[in-house]
Structures are given as structure tokens and as C-alpha cells.
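The values are calculated or read from the model by the stated rules, or taken from the named source; none is laboratory data. Note that the structure is a prediction, hence the values are computed from the model and not measured. Every residue, glycine as well, gets a Cβ built from its backbone with ideal geometry; the counts of neighbours run over all protein chains shown. These area figures cover heavy atoms from the full protein model, side chains too; ligands, DNA and RNA do not enter into them. Shrake-Rupley method; radii C 1.70, N 1.55, O 1.52, S 1.80 Å.
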Amino acid sequence: MDVTIVDYKSGNISSVINSFKEVAKDKVNIEVTSDLDKIKSSDKVVLPGQGSFKSCIDGLNGINGLIDTLNEFALNNKKPLLGICVGLQMFADVGYEEVETKGLGWISGKVSKIDNQNGKYKLPHIGWNQINIVKDSKIFKDIESNSHMYFVHSYEFIPNDNSVTAATTDYASNIVCAVEKENLFGTQFHPEKSDKLGLKIINNFIKL
Amino acid sequence: MLKNRIIPCLDVKNGRVVKGINFVDLKDAGDPVEQAKIYSDGGADEICFLDITASNENRDTIYEVVEKTSKKCFVPLTVGGGVRSIDDINKLLNCGADKVSINTAAVQNSKVVEDSSRKFGSQCIVVAIDAKRKNDGWEIFTHGGRNPTGINALEFASKMEKCGAGELLVTSMDKDGTQSGYDIELMQKISSMVNIPVIASGGVGTLDHLVDGIKSGASAVLAASIFHYGTYSVNEAKQYLASKNIPVRI
């Protein structure tokens, strides 16, 4: 099996690479590439994302044909795809970080700044928070509700249809921190930095 | 609920740990990779490396350490010490660091903080502030605490937040190494003034000091010696904080 981590210059993805290689060992081939043919032929795709919503979308647009290839992979071929952090946020129709930016539009919704209640909550939301699993998602196999995951973000994905929400976390408000819609999976937290439980989520995705 | 973080810090010089943990079963007490692994297995919420390598020819040793550690530890890794430029930050991130802490360079040229937080995201830019009491306030120092700057620490903290720092690592130079507790007033002042997380550093000698640090408003507490010398394990520290009703990840 081939799992491709999309390298589109979205900032630091070495931790994502390290964690997937750790889980995959020699059983699964982990590719890190922006090569369109390799993405097309892979069994699963991981879409990481760091920095701002706009910079990530710009990064995808910076590689000719990449968005079309991802659309085909995710929407037509319906192969499993995992978005992490801004990778998940880009599933939305629109993001409001820096300037209003069009997203991939895979899961209807928007990405807005977390309401910090007039400074009562510090942003970024950095650190270990508990996730409340609200849907029996395949990537949460053997993960209990209230498990701790590592977060670092100031913006949140707000889906229009709550049925896609797989988990939430409490920070200032109830924040959507994982989604599942058919073959699309996304986590706002960083499984690659969430210790053993995070690696388990990665393993669950690889084993899908 | 968001938990308060406990961050053990390792001082690394020429690729070796300077102050090591006294664990009998440690194969190589000077190996930062092995020690970081012990911390992360013990429940550390993050790991911090402070590179204190003085000579330029040995500066590259930290990259190898970071690369090896990031393949074994799957919790966030912050690396600081001698970070001068966007290029240095880029290299550390590519080696597997999740955050980079900037001290002297941030004071000399705040544009480094602006540019790097824009380029890499503020989530990976930590500004380290070394502050020392002076008259009624605090003055910041650079170059590992050797050079006074005449700059007010509170004003500087506020400026760094505006420049895009994701977190502030605040060390009291008066308290560092004394094991007499954090400079609580300094932590309170800065935490209440900025809207980004503050990591308290400098002076931890007992577990109660960690409790005091969190109560001062800091989001995370950093300590070196109490973990280095095996006085307490990270897990013991967390259990103690939990017993004092401070939310931690256990």
C-alpha cells in the first residue's frame, strides 16, 4: 500500500513524515511528494497544513494541477484522505484568516477565528486538550472519548452540517476538532504530536 | 479542558547533555536523544532543548540531535539557543523541531520574529525573554543573559506579541539556578498583559514552585534541574499538580 503525504511547501511537515514512517514501519510505503501521478496512484493521501489558511491554499495553487488531482482523488475516486490542522480547515468553502480565501469546498462550512471572549482565552489554543467523540469514526477505533490530543491553532472549522463532526473539544466554546464524511477525514489537533494515542489514530487511518 | 503543560528542558552543548539525569539504566547519560525519550515516555507535554554550544564549528551538532530525537519522540519539540536567522529556523524545523525559540535575534531585530511567524506560522515561533529586576521593573538581557539592553521586559513582551510570536518563554535571571521558585510577579505581569500563552522558567526547586507558576497565570511551566538530577520525575510532578487541583494531562 502507498500512502502519500502531500508536500506543497505548507511549512514544517517533518513531524508528520516521522510519525507516519514510525507507524508504517516497512509494511506500508510512505511517499512525500507533490508529484501528481504519484498522488493519483496512491491508496491514501495525507494533507498536512501549517501557517495560515491563505498561505496553504496559495501553496496548493502554486503547484499546477494539484487541486484538480486532489479533487479527483477525494471526490471522484473517493479514496481515503486525511487532513491535519489547516489541511482539515481547507476542506471548507471559505476561510477568513488574513483575507477571505476560497477553500476546497469538500465539506460545506467556514473557517473563522476562535472567539476568545474578549481576551478571556489565550490564542493560539496551544497544548493538550480532551476530545469528545460524538461519532463513531473509523480513525477513532480504540480511542476513548476524553483522550488528550495536542492542539495548536487560532482558527476553527465550522461545518454547516453537524453530522460530519466526529469529535469536539472545549476551548472558549465547543470547537469541532475532527470530521468524517465518507472517505474524508480530518483532525484539527496534531495526531503526529499526540504521543501514543496520536500514533494510534495514524495507524487507524493507514489500516482503513 | 485545556491542560497546563509541564516542559522539561535539556541543556545541550556540542551535541551532549550538560546536566544529565542520574538514571542507572541509562546507557549513555550524555545522549540528549535518550533523555528526551525518557521524558516523553514519562508524560512530558513537550520537550525543550537549549543549545548552549559556544563555538561556531560545533553549531551543527544540534541539527543531528533534533533529527534523531524527532524520530523517537512524538510530542512537541522546542529548540532554542543561537537561533539568528530565518535560515536557522528553517533548518531546525526541517530537522524535526516543532517550535523554535528566539532570544538575542528577536531583541536585535524584531523583523526576524515578524518574518518567521509569517513564513512558518506563529505556532512555531517562541520568543525567549531573559529578564532581570531593575528598579521597579525588569530589564531584558541577551546572549544567554550576559548583555544588558536597557529594554523594559513588559514593553518588549507586548511588542513581541504584536510581531506575531506564538508564545513567550519568560526566564527570570534573578531566580534561574537558585531553586527558590519562579519570579511570580514577573509571570503575573506578563501573563495578564499578553493574550498569547506564557511559559514560566527559571528557579524551580520544588513541586510547589510548579504549582505557583501555573497559579501566576502561565500556561506552561518549564524546569531543568529538578528533572535533570532525578529529584522528581515528570510523572511525579504531574501527579502533584493534579493533587493541587491543577488540570494536567495524566
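Let's see how each residue does on (1) within 15 Å of B:Gly181 (Cβ to Cβ); (2) charged (D, E, K, R); (3) surrounded by fewer than 22 Cβ atoms within 10 Å (Cβ to Cβ):
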| residue | (1), (2), (3) |
| --- | --- |
| B:Lys215 | yes, yes, yes |
| B:Ala218 | yes, no, no |
| B:Ser225 | yes, no, yes |
| B:Thr231 | yes, no, yes |
| B:Ser243 | no, no, yes |
| B:Pro247 | no, no, yes |
| B:Ile250 | no, no, yes |
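Of everything in the stretch B:40-65, what is in contact with a strand residue (DSSP E or B) (Cβ under 9 Å, 6 or more places away or on another chain) and assigned to a loop (DSSP other than H, G, I, E, B)? Give them in sequence order.
Residues satisfying the conditions are B:Gly42, B:Gly43, B:Ala44, B:Asp45, B:Glu46, B:Ile52, B:Thr53, B:Ala54, B:Arg59.
With the requirement that a residue be among the small types (Gly, Ala, Ser), open to solvent by 10 Å² or more (accessible area, probe 1.4 Å) and either within 20 Å of the chain's Cα centre (by Cα) or within 14 Å of chain A (Cβ to nearest Cβ) (or both), what does the stretch B:107-139 give you?
Matches in the stretch B:107-139: B:Ser110, B:Ser117, B:Ser122, B:Ala128.
Just for the stretch B:83-106: of the residues that are of a type in the set (D, E, K, R) and closer than 13 Å to B:Gln123 by Cβ, which one is nearest to the other protein chains (Cβ to nearest Cβ)?
Applying the filter and picking the extreme gives B:Asp98.
Only one residue in B:Gly177, B:Gly166 is open to solvent by less than 30 Å² (accessible area, probe 1.4 Å) and among the small types (Gly, Ala, Ser), so which one is that?
B:Gly166
Which number in (1) open to solvent by less than 10 Å² (accessible area, probe 1.4 Å); (2) at pLDDT below 95; (3) of a type in the set (Lys, Arg) marks the one condition that B:Lys13 misses?
(1)
Quick check: is even one residue across the stretch B:66-74 crowded, with 17+ Cβ neighbours inside 10 Å, polar (S, T, N, Q) and in a helix (DSSP H, G or I)?
Yes, the stretch B:66-74 contains a residue that is crowded, with 17+ Cβ neighbours inside 10 Å, polar (S, T, N, Q) and in a helix (DSSP H, G or I).
Residues that are more than 19 Å from B:Asp11 (Cα to Cα) and basic (Lys, Arg): list the helices (runs of 4 or more DSSP H) wholly contained in the stretch B:152-250 that include at least 1 such residues.
Those helices (runs of 4 or more DSSP H) span B:153-163, B:184-193, B:207-215, B:234-243.
Just for the stretch A:112-142: of the residues that are closer than 18 Å to A:Val179 by Cα and at the interface with another protein chain (Cβ under 9 Å from one of its Cβ atoms), which one is least open to solvent (accessible area, probe 1.4 Å)?
Across the stretch A:112-142, the extreme among qualifying residues is A:Asn129.
Can you name the residue in the stretch A:25-52 that is within 14 Å of chain B (Cβ to nearest Cβ) and at pLDDT 95 or above and is also nearest to A:Gly83 (Cα to Cα) among such residues?
A:Pro48
Please go through the stretch A:163-196 and pick out each residue that is part of a strand (DSSP E or B), open to solvent by less than 10 Å² (accessible area, probe 1.4 Å) and within 9 Å of another protein chain (Cβ to nearest Cβ).
The one that is part of a strand (DSSP E or B), open to solvent by less than 10 Å² (accessible area, probe 1.4 Å) and within 9 Å of another protein chain (Cβ to nearest Cβ): A:Thr169.
Can you name the residue in the stretch B:217-229 that is within 14 Å of another protein chain (Cβ to nearest Cβ) and not β-branched (Val, Ile, Thr) and, of all such residues, is farthest from B:Glu34 (Cα to Cα)?
B:Gly217
Anything in the stretch A:142-162 that is touching a residue at least 24 places away in the same chain (Cβ under 8 Å) and outside any loop (DSSP other than H, G, I, E, B)? List them, or say none.
A:His148, A:Met149, A:Tyr150, A:Phe151, A:Val152, A:His153, A:Tyr155, A:Glu156, A:Phe157, A:Ile158, A:Pro159
In this structure, does B:Glu161 turn out to be of a type in the set (D, E, K, R), buried (at least 21 other Cβ atoms within 10 Å of the Cβ), touching a residue at least 24 places away in the same chain (Cβ under 8 Å) and touching a strand residue (DSSP E or B) at 6+ places or on another chain (Cβ under 8 Å)?
Here the answer is no, as B:Glu161 does not meet what is asked.
Tell me the residue from A:Ser154, A:Ser145 that is surrounded by fewer than 24 Cβ atoms within 10 Å (Cβ to Cβ), more than 10 Å from chain B (Cβ to nearest Cβ) and closer than 30 Å to B:Ile47 by Cα, please.
Within the list A:Ser154, A:Ser145, the selection yields A:Ser145.
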